[in-house]
1. For the ranges 145-155, 86-96, what's the packing order if you count other beta-carbon atoms within 10 Å of each residue, average per peptide, and put the highest first?
2. Viscosity 1.567 mPa s, temperature 4 °C: Stokes-Einstein D of the chain from its Kirkwood Cα radius, in µm² per second?
3. Any chance you could give the angle, 0 to 90 degrees and rounded to 10, that helix 142-163 forms with the longest Cα principal axis of the chain?
4. How far is helix 119-137 tilted off the main Cα axis of the chain, in degrees rounded to 10, range 0 to 90?
5. Length gain on complete extension for the stretch Ile139 to Leu17, per 0.36 nm per residue less the alpha carbon to alpha carbon distance?
6. Could you compute Rg(Cα) / (2.2 N^0.38 Å) for the range 114-172, with N its residue count?
7. Starting from 0.36 nm per residue, how many nanometres of slack lie between Arg53 and Leu154 once their C-alpha separation is accounted for?
8. When the distances between all Cα atoms of the range 39-86 are binned every 5 Å from zero, what whole-number percent does each bin get?
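Read-outs: derived from the displayed coordinates by stated rules, not from any lab. Quantities reported herein were computed from a predicted structural model and do not represent experimental measurements. FYI the Cβ positions are ideal-geometry reconstructions off the backbone, even for glycines, and counts take in every protein chain you see.
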Amino acid sequence: MTLANRLTMLRLMLVPLFVFFILRPWGPGYYLAAGLFLLAAATDGLDGYLARRRAEVSGLGKLLDPLVDKLLVTTALVLLVQMHLVPGWAVVLIIGREFLISGLRQVAAGEGLILAASYWGKIKTFAQVIAVVALLVGIPWALLILYGALALTLISGFHYFFLNRELLYRLG
């Protein structure tokens, strides 16, 4: 197993640990959860960099990396709704975008195409990470950060479909 794939697996193993700490009602639980979330997010950037740098891009990495990323962010957002820190409608829009883009990628794969992540998608992910951490550590304007991340999420989704409109026209 490549180092990049090991980092992806580490990120997957951090998800239940993150859940454990976010659900602890005592002292540093939210801060530990925020730290674990940041660590997991950092491994996301690092595993992709290592896979490309070391020419170790693998089928397992292509499959697991985006799924684990979505699992981490979705888990955090759903738990933040449960904690009454985030409105459910905002999370539905964010998760809905992820489903639509994943579906588009599956359709493209069926056509023999690989759709790379866009610049907007990377900005969206960064903003979502910042929003989740801000909410967990109790920054007063954290909800505004989340709304900014939501706007970037929607923009990146529209941009992704716009960039791949020819594929959609061919399919329709």
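1. On the way: 145-155: 19.0, 86-96: 16.4.
Output ranking for 145-155, 86-96: 145-155, 86-96.
2. Details: Rh = 16.8 Å.
This corresponds to a translational diffusion coefficient of 77 µm²/s.
3. Rounded to the nearest ten degrees, it is 10.
4. Roughly 10 degrees, rounded to the nearest 10.
5. On the way: separation 122, 0.36 × 122 = 43.92 nm, distance 2.26 nm.
41.7 nm is the gain from fully extending Ile139 to Leu17.
6. Details: Rg = 14.5 Å, N = 59, 2.2 N^0.38 = 10.4 Å.
So the Cα radius of gyration is 1.40 times the expected 2.2 N^0.38 Å.
7. On the way: separation 101, 0.36 × 101 = 36.36 nm, distance 3.05 nm.
Additional length available on full extension: 33.3 nm.
8. 5, 19, 23, 20, 13, 9, 6, 5, 1
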